Ligand SMILES: Nc1ncnc2c1ncn2[C@@H]1O[C@H](COP(=O)(O)OP(=O)(O)OP(=O)(O)O)[C@@H](O)[C@H]1O
Ligand SMILES: [Mg+2]
């Protein structure tokens, strides 16, 4: 489980987070909502140790993230899949290389292992036919077609799927999605939402999804946390969110629904 305790974070004079606390429950999907620039990505980066809080702490499975050594952080991140804002694929890498980047970083160079894992995760996100987890070469043609493509050859929806596939590599316990549907049309957005919900169920992962698309939030969230003015202004389930009488919350919900 993840415990966010009194996180403060400023950049120069700008106070972005001013004492945010809440827990991310195991096995659930928690959506973090709030206006553009309110600090959602900054919060997520504090959770994975890409940024350190000025005050407060994040406990991930009982470990204080900001006190970990580089080595420990590296190990901790094996448990975490991160889908970055925008698809953030490397344009000069093909789809196979983009997918297995994390395994390579962790020293895996065995081509058979890399290829099997790439096929597994690309099937899991629907970019390859699902053949029940077996690699019998049935979809060899599809695989050969896909693996040598470059991000510029793919549609926006497909790029997001590759971004999700990359996060699934190594079977992480946690998956964090930063605005996974931004920039997609409603049909593709809904498909990504379904994918997130399906992965949460099938892979038994704990997910954090940053979004300001309320349609997505209603579909995938077990829990919702809202940030405004650097503070946590709401925490609860979707029903409670819809019924919130707090002005800052209900105005946001109405605007983005
Ligand atoms: N590394 C950084 N250096 C300086 N300022 C930063 C840095 N990272 C974020 N900020 C600032 O912190 C504020 C919050 O940024 P953040 O990216 O967390 O917003 P967000 O809620 O994710 O917004 P969006 O919905 O647009 O993605 C912004 O004003 C941003 O400019
Ligand atoms: Mg952001």
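Readers should treat all values here as calculations from the given coordinates under stated rules, not as data from a laboratory. Since we're looking at a predicted model, the values are computed, not measured. Please note: Cβ atoms are built from the backbone with ideal geometry, for glycine as well, and neighbour counts cover all protein chains shown.
A compact table of results
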quantity	calculated
Residue 68-residue 152 pseudo-label distance in nm [points 7 Å out on the Cα-to-Cβ vector]	3.6
Dimensionless Rg ratio for segment 2-256, taking C-alpha atoms and the 2.2 N^0.38 Å reference	1.03
q = 0.12, 0.15, 0.17, 0.19 Å⁻¹, segment 83-214: log10 I(q)/I(0) [Debye, one scatterer per Cα]	-0.43, -0.68, -0.89, -1.13
All-pairs Cα distance distribution in segment 22-100, expressed in whole percent, bin size 5 Å	3, 11, 20, 22, 19, 15, 8, 2, 0
Degrees, to the nearest 10: 156-168 long Cα axis against longest axis of the chain	90
Segment 1-149: Cα Rg divided by the 2.2 N^0.38 Å rule of thumb	1.27
Label point distance in nm, residue 5-residue 237, each placed 7 Å from Cα along Cα→Cβ	2.8
